[in-house]
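Below is one structure, written out as structure tokens; comments come after it.
The values are calculated or read from the model by the stated rules, or taken from the named source; none is laboratory data. On a predicted model such as this, the values are computed, not experimentally measured, just so you know. Here Cβ is always computed from backbone atoms with ideal geometry, including for glycine, and neighbour counts include all displayed protein chains. We work out accessible area using only protein heavy atoms, side chains counted, and drop any ligands, DNA or RNA first. Shrake-Rupley method; radii C 1.70, N 1.55, O 1.52, S 1.80 Å.
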Amino acid sequence: MSRVLVIGCGGVASVAIQKCCQADEVFTELCIASRTKEKCDALAEKLKGKTKTVLTTAKVDADDVDQLIELINDYKPDLVMNIALPYQDLTIMDACLACGVNYMDTANYEPEDTDDPKWRAIYEKRCKEEGFSAYFDYSWQWAYRKKFEDAGLTALLGCGFDPGVTQAYCAYALKHEFDQIDTIDILDCNGGDHGYAFATNFNPEINLREVSAPGSYWENGHWVEIPPMDIKREYNFDQVGDKDMYLLHHEEIESLAKTIPGVKRIRFFMTFGQSYLDHMRCLEDVGMLSTTPIQYNGQEIVPIQFLKELLPDPASLGSRTKGKTNIGCIFTGVKDGKEKTYYIYNVCDHQECYHEVGSQAISYTTGVPAMCGALMMLNGKWIRPGVYTVEEFDPDPFLDALDRYGLPRSENHDPKLVD
Ligand code: NDP
């Protein structure tokens with residue numbers, strides 16, 4: 001028995017909500033709240049008669065803490081699942097604290113306006129001190145640790161696939177496969193094809209910001225930053241085949257560097273096709289990825305937000321996308337005094353996801369872990385006052401839930417390593 005409030009009703013939220021409704025013995029009541037209430041109503045309508053979960057909907061502007069507090073006090077949930085955008089992480093955490101409710105999300109905080117001088121001053125100090133320049137980092141949400149501890153509440157950060165499952169894979173490797181992990185390579189491969197020359201698989205603004213930023217990795221206790229897409233490797237992925245992949249900065253590296261004792265190197269690679277990269281470079285060169293507002297015909301527009309309007313809605317890619325994703329972690333390290341390697345990953349088929357929930361695999365591979373993370377919190381297995389990332393909890397029940405709800409793991413004890 002539980003009451004859950006989900007904020008956001010986009011590509012990822014729609015999968016998470018449908019999966020919650022499959023586990024209606026746990027998710028007995030669920031409110032879908034978002035900026036555009038019509039989308040929430042349409043999803044609730046689609047699920048009518050298919051679940052015992054009692055669904056309600058609400059309109060909320062999650063940038064407004066007062067509106068959130070009113071909604072949370074009114075609905076009285078056991079858990080708030082933030083599946084809106086990373087821009088809303090702090091306002092929703094504030095509201096959860098004010099109302100005494102547990103919190104979770106799928107991506108760490110970044111500001112909508114990266115030109116805001118107040119945010120920029122803190123960001124530039126962090127770049128100098130930490131050595132990586134991504135707009136997103138954990139410091140903003142880790143700063144809430146004491147507040148959540150004092151309130152006796154749990155905040156679970158970044159419970160999608162990457163971040164999220166990749167960190168559970170690390171915790172699992174440390175628990176069952178290694179005494180010491182030396183290196184971690186996180187490999188995110190999307191072998192799907194949607195037939196468009198250019199489209200993003202999740203929110204275009206968040207996606208393009210991430211992949212156009214400098215890459216960085218953790219080595220021997222510090223960050224090494226490189227120009228965007230400067231390190232390229234080829235890898236042969238199980239059930240997908242050969243793909244080019246590029247080293248990116250990614251948020252889970254930051255937490256894993258602190259939580260995996262003695263780890264020497266952590267890298268993150270994502271596959272991209274040449275057409276995607278050519279389009280992205282061109283859009284960046286002409287200023288279309290900028291978040292700085294410009295005046296056009298007497299109206300203020302933000303170039304990247306305008307671009308989002310032109311690009312296909314990620315939620316509409318489901319029916320067109322064919323192929324598979326393969327996301328996982330390759331480890332090197334030591335067990336019982338012997339050096340060993342280990343690869344744990346999931347393969348997910350875009351069309352199978354579409355037939356099950358009407359979405360492509362990127363939304364699916366994020367929405368299912370969000371639902372499984374919520375399940376861990378609601379059944380008390382992942383409840384501990386404070387602010388935590390996924391690898392700080394027991395990975396076993398979470399990976400079992402993923403196996404059961406659509407993202408089963410595969411393992412390889414003799415994988416090809418990335419040089
Ligand atoms: P979408 O853009 O499809 O959906 C975002 C939803 O949030 C929309 O319903 C939107 O409403 C709503 N929203 C935005 N702003 C507000 C606001 N101020 N108040 C209330 N609702 C708001 O994004 P995705 O579903 O693709 O992504 C959701 C999250 O998942 C993002 O944080 C993304 O970074 C994260 N993600 C994480 C991954 C992982 O592996 N960890 C992978 C992929 C995504 P409206 O419909 O009105 O626009």
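Per-structure values
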read-out: Residue that is most open to solvent (accessible area, probe 1.4 Å) [pool: residues in region 381-409 that are more than 19 Å from the chain's Cα centre (by Cα) and within 18 Å of C96 (Cα to Cα)]; value: R384
read-out: Tally, over region 1-15, of residues that are within 11 Å of M371 (Cα to Cα) and surrounded by fewer than 24 Cβ atoms within 10 Å (Cβ to Cβ); value: 0
read-out: Residue match in region 181-190 (condition: within 30 Å of D336 (Cα to Cα) and open to solvent by 20 Å² or more (accessible area, probe 1.4 Å)); value: yes
read-out: Failed item in (1) under 23 Å from F161 (Cα atoms); (2) basic (K, R); (3) surrounded by fewer than 19 Cβ atoms within 10 Å (Cβ to Cβ), with K243 passing the rest; value: (3)
read-out: Candidates I253, I294, I266, filtered to the one that is in contact with a helix residue (DSSP H, G or I) (Cβ under 6 Å, 6 or more places away or on another chain) and either within 24 Å of I231 (Cα to Cα) or not hydroxyl-bearing (S, T, Y) (or both); value: I266
read-out: Matching entry among H222, H250, H194 (being within 28 Å of D179 (Cα to Cα) and open to solvent by 20 Å² or more (accessible area, probe 1.4 Å)); value: H222
read-out: Within region 137-156, tally of residues that are within 16 Å of the ligand (Cβ to nearest atom) and either small (G, A, S) or surrounded by fewer than 22 Cβ atoms within 10 Å (Cβ to Cβ) (or both); value: 4
read-out: Residue within region 306-328 that is at pLDDT 95 or above, small (G, A, S) and within 16 Å of the ligand (Cβ to nearest atom) present; value: yes
read-out: Filtered residue count, region 1-30, keeping only those that are in a helix (DSSP H, G or I) and over 19 Å from V101 (Cβ atoms); value: 8
read-out: Qualifying residue in region 108-122 (condition: among the aliphatic types (A, V, I, L, M) and more than 20 Å from the chain's Cα centre (by Cα)); value: yes
read-out: Count of residues meeting criterion [within 13 Å of the ligand (Cβ to nearest atom) and under 17 Å from M270 (Cα atoms)] in region 342-372; value: 7
read-out: Elements of type strands (runs of 3 or more DSSP E) contained in region 254-336, each with 3 or more residues being touching a residue at least 12 places away in the same chain (Cβ under 8 Å) and either in contact with a Ser or Thr (Cβ under 6 Å, 6 or more places away or on another chain) or open to solvent by 20 Å² or more (accessible area, probe 1.4 Å) (or both); value: 324-335
read-out: Output for region 53-98, where each listed residue is more than 25 Å from T28 (Cβ to Cβ), within 19 Å of the chain's Cα centre (by Cα) and of a type in the set (V, I, T); value: T91
read-out: Pick from region 1-52, criterion hydroxyl-bearing (S, T, Y) and near the ligand (Cβ under 8 Å from one of its atoms), ranking: farthest from the chain's Cα centre (by Cα); value: T36
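One line per residue, one yes/no per condition, for (1) open to solvent by 30 Å² or more (accessible area, probe 1.4 Å); (2) more than 22 Å from V390 (Cα to Cα); (3) in a loop (DSSP other than H, G, I, E, B); (4) not hydrophobic (A, V, I, L, M, F, W, C):
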site	(1), (2), (3), (4)
L97	yes, no, no, no
Y103	no, no, no, yes
N108	no, no, yes, yes
E112	yes, yes, yes, yes
W119	no, yes, no, no
K125	yes, yes, no, yes
E129	yes, yes, no, yes
Y135	yes, no, yes, yes
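Matching residues to (1) part of a loop (DSSP other than H, G, I, E, B); (2) of a type in the set (S, T, N, Q); (3) in contact with a Leu (Cβ under 7 Å, 6 or more places away or on another chain):
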| residue | (1), (2), (3) |
| --- | --- |
| I32 | no, no, yes |
| K46 | no, no, no |
| K50 | yes, no, no |
| A58 | no, no, yes |
| N73 | no, yes, no |
| Q88 | no, yes, no |
| T91 | no, yes, yes |
